[in-house]
Structure formats: structure tokens, C-alpha cells
Amino acid sequence: MGAHQTTSSRSSAGDVMAADSPGRRHEVLGIVAAAAAVLFGLALASYDARSTENLAGPVGAGLAGTVVAAFGITAWLLPFELAAASVRLFRGRGAILGVATVVSTLVFTLVGCSLLHLALEGTEVHGGHLPGGLLGEVLGEVLRSLFGTAGAYVLTISVLLITLVLRTRLTITGMIARVRVHGGAALGKVRESFGAVAEADHPFGGVADMVGHLLARLGGEAGEDAGREGAGVRGEGGRTGHDRLFSRSR
């Protein structure tokens, strides 16, 4: 009888540990990813090619120097990706490094390096490195030779926006609607300020009154457009960028 109870208690304890092992594993990996994100962030923040001092020590300085030389400012994607992976691990999500995450990170890195090289050509970061790194210099010059400078800008920005829409729940129409809503509110506050100046018999009261009327018209038009676009965005519900993309193509 006692042996039977001991066996059953051991089996139940084993079942609990087996059921809890994925959660424990996720928490351990989450702590590792968070520590790596903090250390790499400190290494990048304090890295300077002209100095040997670094908050993450010589190992952090060497790692930061290698990554910055290759990717430039885009090296900051690594600590952010590690932090995002840590959050996913603590939440217990299984797919930490899915195919979509890996591909989108590679696209962000490659295209971001090229765009930084085109936009910040001639400048130096971290004490002597290229803004897009060696990789950005190569890819940026290849794109420039094939599409010209303007074409390279259009291509890289378009690819970044497409990747952002497909990876996140952000939409271009939603962002435009938010900008117009907040812009309309800002215009309303500025209009009220000009109205107060006009009512105070200020020497420039006439000009302030005219500007206030103009801002009122702009704010009204922005509010109407934002309302229509916001309704369209809300109508799409919680669909992902992938679903919206293929629904439009159909």
C-alpha cells in the first residue's frame, strides 16, 4: 500500500515537472536573451573605434567593432531583436525564430545598410566606421549603379515599408489616418492661439484672424479625411498585413 502511494506520488510529481518544463525552458532562454540584449546594447552604446574602453569590456568592444564594421548603424537591430525574442519567450510563445522573423530581419538589415549608406554617405559613426558598414557600401553602390541614386532610394524605402507591413500589424493607411487625426488636433490648438491673439487687439490681430480661419478650414478637411480613412481601417478588423495584401490582389 505504501509502495503504491510512493509510486503514484512520484509519477504525479514527474507529470507536473514534465508539464512545467517548457515554461521553465522558455523562462531560462528569456533570461539569456534579455541579458544578451542588455550586454550588446551597452557594448554598442559605449563603443568607439578610437578608444579601448567599453562598458561590456574587451569582449564587448571586439564584438561591437566587428558588427559595426560590417553593418554600421544597422547593428542596433541585434539587441532589439534579442529583446523582442526575450519578450516572446517570457510570454510562452513557441515560434521564437520563425521563418518570417528571420527573413524580415535579414531584409531589414540588408536594405537598411544600403539606405544608410545612400543617405549618410561621407559621414562616420562610432569613431570611424561607415554608417551602413562594409555591407551597406557594397549593396548601396550596386543599387546606385543599376537604378541611379533616386531609384535606389525609391527601391530601398519601398522594400522596407513592405517588410514592415507584412511583419507587423501596422498599415500605411492607418498611419496616415493617425497622423491626420493628431495633425488636426494640433491645428485646432494653433488656431485657438491665433484666435486669442486676434481677440486681444494685438497689432497683428488681422493677420492672426486670417491665419486662424485658414487653419480652421485645413483642420476640418483633415478631420473629415481622417474619419473616412479611420472607418476604412476599422472595417478591416484584426486582419494581418499578409491577409490584407492578398485580399487586395484578389
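Identify the residue in the stretch 119-133 that is aliphatic (A, V, I, L, M) and surrounded by fewer than 21 Cβ atoms within 10 Å (Cβ to Cβ) and, among all such residues, is farthest from residue 158 (Cα to Cα). Steps first, please.
Kept after step one, since they are aliphatic (A, V, I, L, M), are these residues of the stretch 119-133: 119-120, 125, 130.
Subsequent filtering for residues that are surrounded by fewer than 21 Cβ atoms within 10 Å (Cβ to Cβ) retains 119-120, 125.
On the way: 119: 15, 120: 18, 125: 25 Å.
Ranking the qualifying residues of the stretch 119-133, first place goes to 125.
Could you tell me which of the residues 61, 43 is touching a Phe, Trp or Tyr at 6+ places or on another chain (Cβ under 8 Å), among the hydrophobic types (A, V, I, L, M, F, W, C) and assigned to a helix (DSSP H, G or I)?
After applying the criteria, what remains is 61.
Restrict the check to the stretch 150-157 and report whether at least one residue is assigned by TED's automatic domain parsing to the domain that holds residue 65 and under 16 Å from residue 71 (Cβ atoms).
yes
Quick one: residue 149 ticks every box in (1) surrounded by 16 or more Cβ atoms within 10 Å (Cβ to Cβ); (2) farther than 25 Å from residue 49 by Cα except a single one, so which number is it?
(1) is the only condition that residue 149 fails.
Looking at residue 29, is it of a type in the set (A, V, I, L, M, F, W, C), modelled with pLDDT of 85 or more, outside any helix (DSSP H, G or I) and in the same structural domain as residue 124 (by TED's automatic domain parsing)?
Here the answer is no, as residue 29 does not meet what is asked.
The values are calculated or read from the model by the stated rules, or taken from the named source; none is laboratory data. Given the structure is predicted, the values throughout are model-derived calculations rather than measurements. Reconstructed Cβ throughout: ideal geometry from the backbone, glycine too, with neighbour counts over all protein chains shown.
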